[in-house]
Amino acid sequence: MRDAIHYEWVRLTTTRGFHVLTAATILVSVLFSWAISLMIANMAPEMTAQAAGEAATVAATRSPLVLLAAGLLGIFSFGQEKRYGTLCLALLAMPQRSALFAAKVVMTLLVTTTWTTASTLMSVIVSNAVLGSSNLLESDPAVLVGCLVLANGWALLGIGAGLLLPRTGAVALLVAGSALVEPLLGQLVETIEIWGTSAAAFLPFRAGSSLIGFADPALGAIVAETFPRLPALAGGGLFFLYVAVLLAASYRKGVVKAQ
Amino acid sequence: MRIVVDGVGASYGAKEVLRDISFALNPGEVVGLVGPNGHGKTTLMKRMLNLIPGTGETTFDGKPYRLLTRPQLAVGSLLSAEGFHPGRSAMNHLRMIGAASGISRRSAEFALDRVGLSEYATKSPASYSMGMKQRLALAAALMTEPQVLILDEPINGLDVDGVYWFRNTIRSLAGESKTILLSTHILSELEKLADRVLVLHGGDLRADCPMEELKTTTSGPAVTIAVDRPREFAARLRAEDGLIVTFNGESLVIDGMTARDVGTLANKLGFTLFELSTTLRTLEDGYNDIVGRGVHESQCRGSGGKP
């Protein structure tokens, strides 16, 4: 397993794309945080310290690239190897497919955690500075942790999609699925109620977004997130149920049936 | 390291591409794997290395590939020259492959130097010529100084110097008791390299013979003779002795007799001899007898090392 993790580390860090994605994730996250903070500051100039803290947290966790980068990292863990024919070399070096799968999961989660922590930390510093909330501890820890957990969920989703589908199909599933298909589907089923909540809240990406939900409804209008959400734990649990199903299917296809 | 392939089979969907293949490879042996395109050579190698599912088992000193600890240290393989990421340099490509086996950067540098690619170590293999990609794939296979080499068409794309280097390297490795299995379509090169030949055809192992036996497995050396009345002499040989006689211009090529016997017979029958020579059979002749002419079971099957 240690060898497999070493392989994954060298594989990741010896391509230019990895370093570009790392830099872009952090930079875009900081820029988003700054832009959203400015928008909030302009729209609601009179805020209490508590509201400013929550707003700063929201601003710091809205970069779409953090989640997308985690998903891409997951997809590329197998997708790049399949695309360029290096998976065969990896399996020759580590014929235990389950060990290779586990190493890819561990390394993807470690990198995602590092990326998300670094970009969120820098973003929250920027948003707190813009919104005049000097105390970082006023940021909502549940949302910050939720962002970290959600990014890791996207990374796992990417691994599953990357094993089940060709690389382009997997990217399309995450990008089009989250940004196009699910919002449209959400509008269609919004009026249907399940256990007193809109059915739209049970869709995978919506359920996952509960992890970075916020209490102040006024903020929702500012960041254009007015759709219904499940409570954080329920939504997060449901999102990870979807992730688990996809991962199990991909493990069966890529590991169990292949050997 | 002794390799035993026992009853190996594989299918792609409903199509069975390998059927019950069994043979053994011994240390110090260079064994050639030949057969037409699409008849199972690469599939057999992949199956031996546990890359595809199937029936039967291959063991390396008694252990299946998947149970070897750091298998690259024991078995070096080349299955394709095309497996690399275009954004990764050749040096980093080797470092990545070696990372799972604890191979140092120095070993990767040495391997690149060995195949003559040191100058291009920092370049992406995407910019390499076909021969350079092949050399890089060979560097990856040789990098760990393995006991076994499994090489799928390793000579493809190599220039004259490259082929010469490859031949010497393989012979030298065989001298160090390494076990080597290589497939190729260049039979003249294989003839210089291999001690034994496996012939795969239609997913079946048609022959497993020492090189010299395979060349003569269906017939001995051919005799070329030029006489004053060739058509008459050919007719006499066919009619009285039932020999296979073919024309090569005005000369006759006779299978199944020695030059001495043909000369004596021509003299006895009153033909004037202009030329008499023996043409040694090549691997290509033996291969064509088995594959091209549909000889279904070679006499020496298994004599080279059936498990």
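The values are calculated or read from the model by the stated rules, or taken from the named source; none is laboratory data. Remember, it's a predicted structure, so these values are computed and weren't measured experimentally. Neighbour counts run over all protein chains shown; Cβ positions are idealised from the backbone, glycine included. Side chains included, ligands, DNA and RNA excluded: accessible areas come from the protein's heavy atoms. Shrake-Rupley method; radii C 1.70, N 1.55, O 1.52, S 1.80 Å.
Tabulated results
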read-out: Residue check for A:SER63: within 20 Å of A:ASN152 (Cα to Cα) and away from chain B (no Cβ under 14 Å); value: yes
read-out: Residue that is modelled with the lowest pLDDT [pool: residues in segment B:1-10 that are over 19 Å from B:ALA207 (Cβ atoms) and more than 14 Å from chain A (Cβ to nearest Cβ)]; value: B:MET1
read-out: Only listed residue being of a type in the set (Ser, Thr, Tyr), free of Cβ contacts under 8 Å to residues at least 40 places away in the same chain and either closer than 17 Å to A:ASP3 by Cβ or within 12 Å of chain A (Cβ to nearest Cβ) (or both), chosen from B:SER129, B:SER80, B:SER107, B:SER101; value: B:SER107
read-out: When residues of segment B:73-90 are limited to those that are within 22 Å of the chain's Cα centre (by Cα) and buried (at least 20 other Cβ atoms within 10 Å of the Cβ), the one modelled with the lowest pLDDT; value: B:ALA81
read-out: Residue match in segment A:36-59 (condition: among the hydrophobic types (A, V, I, L, M, F, W, C) and closer than 22 Å to A:HIS19 by Cα); value: no
read-out: Matching residues in segment B:2-56 - criterion: being among the small types (Gly, Ala, Ser), open to solvent by 40 Å² or more (accessible area, probe 1.4 Å) and under 19 Å from B:TYR287 (Cα atoms); value: B:GLY38
read-out: Subset of segment B:101-123 (residues that are assigned to a loop (DSSP other than H, G, I, E, B) and open to solvent by 30 Å² or more (accessible area, probe 1.4 Å)); value: B:GLY102, B:ILE103, B:SER104, B:GLY116, B:THR122, B:LYS123
read-out: Where A:LEU188 falls short, out of the listed (1) surrounded by fewer than 17 Cβ atoms within 10 Å (Cβ to Cβ); (2) within 18 Å of A:VAL243 (Cα to Cα); value: (2)
read-out: Out of B:SER251, B:SER219, sole residue that is at pLDDT 85 or above and over 30 Å from B:VAL8 (Cα atoms); value: B:SER251
read-out: Answer residue from segment A:1-21, given it is more than 7 Å from chain B (Cβ to nearest Cβ) and touching a residue at least 40 places away in the same chain (Cβ under 8 Å) and is surrounded by the fewest Cβ atoms within 10 Å (Cβ to Cβ) among those; value: A:MET1
read-out: A:THR114, sole failed condition from (1) within 27 Å of A:GLY213 (Cα to Cα); (2) at pLDDT 90 or above; (3) surrounded by 20 or more Cβ atoms within 10 Å (Cβ to Cβ); value: (3)
read-out: Number of positions in segment B:11-58 that are farther than 23 Å from B:PRO154 by Cα and within 14 Å of chain A (Cβ to nearest Cβ); value: 7
read-out: Residue that is open to solvent by less than 20 Å² (accessible area, probe 1.4 Å) and of a type outside the set (Ser, Thr, Tyr), where the choices are A:ALA24, A:ALA51, A:ALA70; value: A:ALA70
read-out: Segment B:139-176 - residue that is within 12 Å of B:SER80 (Cβ to Cβ) and in a helix (DSSP H, G or I) and, of those, most open to solvent (accessible area, probe 1.4 Å); value: B:ALA140
read-out: 3 or more residues in contact (Cβ under 8 Å) with a residue 60 or more places away in the chain: qualifying helices (runs of 4 or more DSSP H) within segment A:39-145; value: A:49-60, A:64-84, A:97-131
read-out: Within segment B:177-190, considering residues that are over 8 Å from the mean Cα position of the chain (by Cα) and in a helix (DSSP H, G or I), the one surrounded by the most Cβ atoms within 10 Å (Cβ to Cβ); value: B:GLU189
read-out: Count - residues of segment A:83-106 that are closer than 17 Å to A:THR13 by Cβ, open to solvent by 10 Å² or more (accessible area, probe 1.4 Å) and more than 7 Å from chain B (Cβ to nearest Cβ); value: 1
read-out: Search result, residues across segment A:148-174 that are in contact with a Gly (Cβ under 8 Å, 6 or more places away or on another chain) and exposed (fewer than 15 other Cβ atoms within 10 Å of the Cβ); value: A:PRO166
